Every structure is written in structure tokens, then in C-alpha cells.
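Only one structure is covered here, and it is reproduced in the block below.
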Amino acid sequence: MHELGIVKHVIQTLHDVAKEHDVRRIGSVTLEVGEVSGVVTEQLVDCWNYFREKDELVRGAPLYIETVEAVTFCTACEGTYKTVPNGKTCPLCGSTETYLLQGNAFSIKQIEAELNTDPPQNA
Amino acid sequence: MIRTIELKETVTASNDRDAAELRRELTARGLFLVNLTSAPGSGKTTLISRTVSDLIGRVRIGVMEADIASDVDAKKIAALGAASIQLHTDGMCHMDAGMTRAGLAGMPTGDLDVVFLENVGNLICPAEFDTGAHVNVMILSVPEGDDKPLKYPLMFQKSDALVVTKTDAAPYFDFDFAAVTRRARALNPGIAVFPVSAKTGEGMRAWEDWLLAERKRGRHA
Ligand SMILES: Nc1nc2c(ncn2[C@@H]2O[C@H](COP(=O)(O)OP(=O)(O)OP(=O)(O)O)[C@@H](O)[C@H]2O)c(=O)[nH]1
Ligand SMILES: [Mg+2]
Ligand SMILES: [Zn+2]
């Protein structure tokens, strides 16, 4: 399953980020997922909920997902349109000389975190 | 205290860094790594086997066979006398740079010039995860049809070469070579396209020459 691998890589990247920012614990993670990135968000959350319990850094942290609309640019009429209902064909002029502007990406937007320099929470 | 940290990191960022590092190390050691991807059963193992046999005595080739669980492919390669290893991905649908590095550690790389990595049969996830290979080769077999580029654009964009295999079966399928080349080049103008039959050997020479030329080019890069 594709989503399993993605979650594994999200966690790996979070460990790198934690080192860089001196993070002790991550409280939540927000992902930006493009409409046409090919990721099934329900499966992503299921995989996350399973894996977060196996990892000290992200244990219990909820995963929030923000969807990014897919937008296509038409080189014939220089218009832009919503990708999902129209696909490769421009609804304004009928051309197929079009390319995706945004909506296939997948990124970690932000995290909420406690730093090592912060005072311990239950002290 | 909880604070918010803005990241905007791509999910594959840590893998991309690992892959770039692995590629640098391999280049320094003079080892050329070739990543092969296709749908299940397109002919990866057969193409590798034929290439290994054809190039025996010219370059020393090792093969890493990634599979979710089985090890039949590595046995086929070992029967040719080439160094081979079976990598189990334990359910993961692709190889990443860390797994590739671990696999290479189990190979006699000091005695090899080229290593083929047969990636997991799947056209979606391997496209997103850089293995650290110097070249990425995609295999499409004639029975799969000439419209694959329309269905898996990312894989075509990320591949340096497209090998169209099982050309001996072309008379039985309605496969348009000009159309597949046009569709692949629309996605990736620089992609090299090689129609081959690993069964009859037709077209193998052009593919092998390209491979050897890429290896030379990489060594001096
Ligand atoms: N006619 C013909 N058959 C081929 C050719 N190449 C491979 N085959 C057949 O296609 C089938 C699958 O080939 P493999 O090389 O095992 O394919 P693969 O991509 O390694 O398969 P997986 O590792 O299972 O994904 C086998 O029955 C091969 O004999 C070819 O050029 N011509
Ligand atoms: Mg195989
Ligand atoms: Zn238009």
C-alpha cells in the first residue's frame, strides 16, 4: 500500500526536522495534500494512527490534512481552470495544450512541537 | 509549551537527501547503479538476465532483486553466475535510498562495475522515491498497450530511458510504437526509447550501448 510508505517517510522527515529544530515532542502535524497527488487521505490517516504509536517523537499526535485545489493553465488561451472536473481539456477554449500549475504536491506544512529548551510539561 | 513550526517540506525530502548522498558515494567508488521499474510481469528480470549474459566479459554486473516477499527472481540471476541478492520490502510498495544502501552493503561491490536494482513491480510509488540510482529505466511491455504514458505520467517524467519489451509479441497486439514514443516525449523530451525483445534479442544492442555510454558519462561527471 502506497500510503504506508508515505507515512514512513513523513515520520523519517519529522525526525530530521526535530533534530534541526531541537524538538523534544511533536504535538500535531499538518500536511498539505494536492487534489491530484494520488494520495488517499482516509488511508493516510489510518496508517498515521497506527504508526504514531510506535514512535516516541510523534506518539498521540493528530494528523491534520489540508487539501490543495488542482489548477491547470492553458497555453492556448492563457486561462486557468479547475483540474478535477475538466482534466487536460481547457473548458474555456477546448485546447489540450495545458499543464498543471498546482495540486499534485504533497508536503508537511507545519508541526506543533515542544522544544528541548522548553520546561518539562509535568514538572 | 507548544509552539508552531512552519516547514513546507516535501514528504520525500529526507529520502531525496539520502539518495543524493548515496549517488555521490557510488560515483566516487566508480559503481554505476541502474534502477529498473515497471508494472508486474513486464519483463524486468528477463531483460536483466539477457543484458547480463550479453555483457559478460565487458562489465561486471551485479543484480539486486526487490520483491515484497518472494525470491524467485534472485535465483534466476544467480543461475547466470552473476552476483545477486534478494531484498524483501516487507510490504512496502517501493525501494527507497536507505533500503538500496542496505542492499548494496550485502553485495561484493568492490568487484562490480554496474548494479541493476529491480524495483518492486508498480508504476506509482517508485516514481516518487529516488533510490540513489544514476539512471532510471522504465520498462513497458507490448501487451500493456501504448497508452500507459497517459496513465502514469510521473514515471515517464522521472525515467531516463523507456525500454519497450516483448516486441516479438507486437503482431498479436495493436501496439503503436510511434504513438508511445510521441506520448513519452511529450512528458519527457529527453527520454531514450528502445524497442527490444529479450526473447529473440532484437534491439538489445542499442539498449546495451546506451547503458555503457551512460556509465562512461557518469564516471567523468
Ligand atoms: N515473448 C516475450 N516474453 C517475454 C519477454 N520478456 C519477458 N517475457 C515473459 O514475460 C513474463 C514475465 O517476465 P519477467 O521478466 O519475470 O517480468 P518481471 O517484470 O521481472 O516480473 P515481476 O518481477 O514479477 O514484476 C515471463 O513469462 C517472461 O518469459 C520478451 O521479450 N518476449
Ligand atoms: Mg522480476
Ligand atoms: Zn484554453
(request) Evaluate peptide A:102-111: per residue, the Cβ atoms of other protein chains within 10 Å of its Cβ; return the mean as an integer. (result) 4
(message) If you filter region A:14-64 for trypsin sites (Lys or Arg not before Pro), then keep DSSP loop positions with at most 14 other Cβ within 10 Å, what is left?
(response) A:R59
(request) Measure nothing but the geometry: give the 0 to 90° angle between the long axis through the Cα atoms of A:2-21 and the longest principal axis through the Cα atoms of chain A, rounded to 10°. (result) 60 degrees
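Leaving out ligands, DNA and RNA, what percent of the accessible area of region B:9-219 is carbon and sulfur, probe 1.4 Å?
So the carbon and sulfur contribution to the accessible surface is 53 percent.
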(message) If you take every residue apart from B:R183 with its C-beta less than 14 Å away from the C-beta of B:R183, what net charge results, scoring Lys and Arg +1 and Asp and Glu -1?
(response) +1
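Please report the net charge: other residues with Cβ closer than 14 Å to the Cβ of B:V142, K and R +1, D and E -1.
-4
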(message) Quick check on the protein assembly as shown: take the gyration tensor over C-alpha atoms, sort the square-rooted eigenvalues as a ≥ b ≥ c, and tell me if it's rounded (a/c under 1.5), prolate or oblate.
(response) oblate
(message) Can you give me the distance in nm between label points at B:D147 and B:D209, each placed 7 Å from the Cα along the Cα-to-Cβ direction?
(response) 3.5 nm
(request) Compute all pairwise cysteine Cβ distances in chain A, then list the cysteines with no distance under 4.7 Å to another cysteine. (result) A:C47
(request) Report, ordered by chain and residue number, the lysines lying within cross-link reach of B:K151, taken as a straight Cα distance under 19 Å and ignoring same-chain residues fewer than 8 apart. (result) A:K88
(message) Between 0 and 90 degrees, rounded to the nearest ten: what's the tilt of helix A:41-51 against the longest Cα principal axis of chain A?
(response) 20 degrees
(request) Distance between Cα centroids, region B:61-138 to region A:63-120: provide it in whole Å. (result) 33 Å
(request) With an 8 Å cut-off on Cα pairs and a minimum separation of 6 or more residues, tell me the relative contact order of region B:9-219 in percent. (result) 24 percent
(request) Return the long-range amide H neighbours of B:H94 (sequence gap of 5 or more, or a different chain), with a cut-off of under 5 Å between placed amide H atoms. (result) none
(message) Antiparallel versus total DSSP beta bridges in the protein assembly as shown: what percent is that, nearest 5?
(response) 40 percent
(message) Could you work out the relative contact order of chain A? I mean the mean sequence separation of Cα pairs under 8 Å and 6+ apart, divided by the number of residues, in percent.
(response) 34 percent
(message) When a/c reaches 1.5 or more, the comparison of a/b and b/c decides; with that in mind, is region B:123-221 rounded, prolate or oblate per its Cα gyration tensor?
(response) oblate
(request) Return the Cα extents of region B:9-219 along principal axes one, two and three, sorted largest first, each rounded to a whole Å. (result) 45, 44, 35
(request) At 7 Å along the Cα-to-beta-carbon direction for both B:Q157 and A:V71, put a label point, then send me their distance in nm to one decimal. (result) 1.7 nm
(message) Residue by residue through A:7-13, how many Cβ atoms from other chains fall within 10 Å of the Cβ on average?
(response) 6
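For n ≥ 4 DSSP H runs only, could you compute -39500 (n - 2.57) per run for the protein assembly as shown, divide by its residues and tell me the 222 nm figure to the nearest 500?
After summing the helix terms and dividing by the residues of the protein assembly as shown, the value is -10500 deg cm²/dmol.
The values are calculated or read from the model by the stated rules, or taken from the named source; none is laboratory data. Keep in mind that what you see is a predicted model, and the values were worked out from it rather than measured. Cβ coordinates were reconstructed from backbone atoms using ideal geometry, including for glycine residues, and neighbour counts include every protein chain displayed. Accessible surface areas use protein heavy atoms only, side chains included; no ligands, DNA or RNA. Shrake-Rupley method; radii C 1.70, N 1.55, O 1.52, S 1.80 Å.
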